[in-house]
Amino acid sequence: MIENLEDEILELKAKRNAIILAHYYQNQEIQEIADFVGDSYELSKIAKNNSADVIVLCGVRFMAESAKILSPHKKVILPAINAGCPMADMANAPSLNKLKNEHKNAKVVCYINSSVEVKALSDACCTSSNAVKIVKNIDSNDIIFLPDKNLGSYVKEQVPNKNIILWNGFCRVHDMVTPENIIEAKKLKENLKVLVHPECSYNVRELADFIGSTASMIRYVSSDKDTCEYLIVTETGIMYKMREANPDKKFHTLNKMICVNMKATKLEDIYLSLKNMTNEINIEESIRKKAFDALNNMLILGR
């Protein structure tokens with residue numbers, strides 16, 4: 001049944017001139033059928049620059065919204081239409097407006113993990129792979145950074161000359177990791193190298209051998225000649241591409257690091273949404289234009 005479903009998806013994809021994009025945190029079968037697998041930054045660029053008429057975004061809502069913001073003339077489909085992001089929900093437009101009024105000289109940098117309404121009030125977006133570069137390059141010494149306080153504090157460490165005002169949001173999956181989790185894992189394995197996502201707390205990042213986005217973790221392991229065993233401290237979906245790129249190396253994860261929203265997409269969802277052209281993302285044009293400026297500034301400042 002699975003094989004037939006995959007064949008039918010591929011037929012529908014060709015018929016619709018569609019492209020399937022999947023985040024690293026998706027289930028293995030979704031990554032296998034995707035045309036491209038990447039982190040939020042890579043997927044945002046691919047969504048903007050490809051020639052497909054239909055973008056099937058296998059991720060969560062803010063990713064599909066970002067694709068629609070950048071490509072309003074294309075149909076953008078989110079197969080798991082109810083897949084949201086709890087961290088994105090921790091920031092809203094009225095509260096951001098209030099904070100902007102309290103810091104009138106500050107520029108707003110919002111993590112791509114945010115709603116279209118928050119993006120529309122921001123000067124630039126960022127991802128975990130380019131947040132430091134965006135904050136360094138944006139023309140202001142005062143920065144409101146939202147919604148992730150952990151990524152924001154990591155940026156603050158890397159850009160100490162700027163005044164960064166942090167929002168009190170977080171990723172539940174990454175924020176639940178404790179230093180004790182890392183210490184216990186290292187006790188079980190000697191010479192274990194620890195790779196940590198910047199959405200983790202400061203006390204966890206302190207124990208890392210490398211801090212970076214999902215894509216940069218894969219690049220780091222692929223170029224590392226000295227180590228063959230790693231603890232990967234991010235959502236477990238990354239293991240599929242990590243092992244594919246490095247079959248000769250051993251990997252360990254913290255099994256509690258599972259995002260139910262990222263795991264919501266099923267092959268049946270892709271099939272049905274392509275067959276019936278349902279679960280399309282639409283954005284009111286005036287909001288889209290403002291959000292476009294923030295996302296476009298990310299692509300410019302992140303070069």
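Derivation of every value follows stated rules applied to the coordinates shown; laboratory data play no part. Quantities reported herein were computed from a predicted structural model and do not represent experimental measurements. Because the Cβ atoms are built from the backbone with ideal geometry, glycine has one as well, and the counts that use them run over all protein chains shown.
So, in nm, how far is label ILE300 from label LYS275 when the simple model puts each one 7 Å beyond its Cα toward the Cβ?
4.5 nm
Can you tell me what percent of all Cα-Cα pairs in region 30-99 are more than 18 Å apart?
Value for region 30-99 (Cα pairs over 18 Å): 42 percent.
Near LYS107, which aspartates and glutamates are there with a Cα under 13 Å away, not counting those fewer than 8 places off in the same chain?
Hits, sequence-local ones excluded: ASP123, ASP139, ASP142.
Determine the sum of side-chain charges near ALA47: Lys and Arg each +1, Asp and Glu each -1, restricted to other residues whose C-beta is under 15 angstrom from that of ALA47.
+2
Which of the pairs LYS119/LYS266; LYS48/LYS100; LYS186/LYS249; LYS119/LYS275 have their Cα atoms more than 21 Å apart in this structure?
Flagged as over cut-off: LYS119/LYS266; LYS48/LYS100; LYS119/LYS275.
What distance in nm separates the two pseudo spin-label positions at ASN246 and GLN28, each 7 Å out from Cα along the beta-carbon direction?
So the label points at ASN246 and GLN28 sit 1.9 nm apart.
May I ask you to derive the relative contact order of the chain, considering only C-alpha pairs under 8 Å and at least 6 residues apart, and to give it as an integer percent?
23 percent
Starting from the Cα of GLU184, move 7 Å in the Cα-to-Cβ direction to define the label point; list residues of region 216-248 whose amide nitrogen is under 17 Å from there.
231-234
Mind jotting down the distance between the C-alpha centroids of region 109-144 and region 5-43, whole Å?
Answer, in whole Å: 27.
Once label points are set 7 Å from the Cα along Cα→Cβ at both SER140 and ASN168, what is their separation, rounded to one decimal in nm?
Distance between the two pseudo-spin positions: 2.2 nm.
Compute the distance from the alpha-carbon center of region 268-303 to that of region 45-100, in whole Å.
If we compute the Cα centre of each part, the gap is 5 Å.
Assuming R0 = 35 Å, can you tell me the calculated FRET efficiency for the pair GLU285 and LEU10, based on Cβ-Cβ distance, to the nearest 0.05?
Efficiency for this residue pair is about 0.60.
Find the centroid of the Cα atoms in region 232-246 and in region 148-189, then give the distance between the two in whole Å.
20 Å
Report, in deg cm²/dmol and to the nearest 500, the calculated mean residue ellipticity at 222 nm for the chain, where each DSSP H run with n ≥ 4 adds -39500 (n - 2.57) and the sum is divided by the residue count.
Taking each H run of at least 4 residues, the total per residue is -12500 deg cm²/dmol.
Just the ratio, please: alpha-carbon radius of gyration of region 177-253 over 2.2 N^0.38 Å, N its number of residues.
Here the Cα radius of gyration is 0.99 times the empirical estimate.
Out of every Cα-Cα pair in region 190-303, what percent are more than 21 Å apart?
For region 190-303, the fraction of Cα-Cα distances above 21 Å is 56 percent.
Projected area of region 105-193, taken from the Cα convex hull and averaged over every viewing direction, in nm²?
Result: a mean projected hull area of 6.9 nm².
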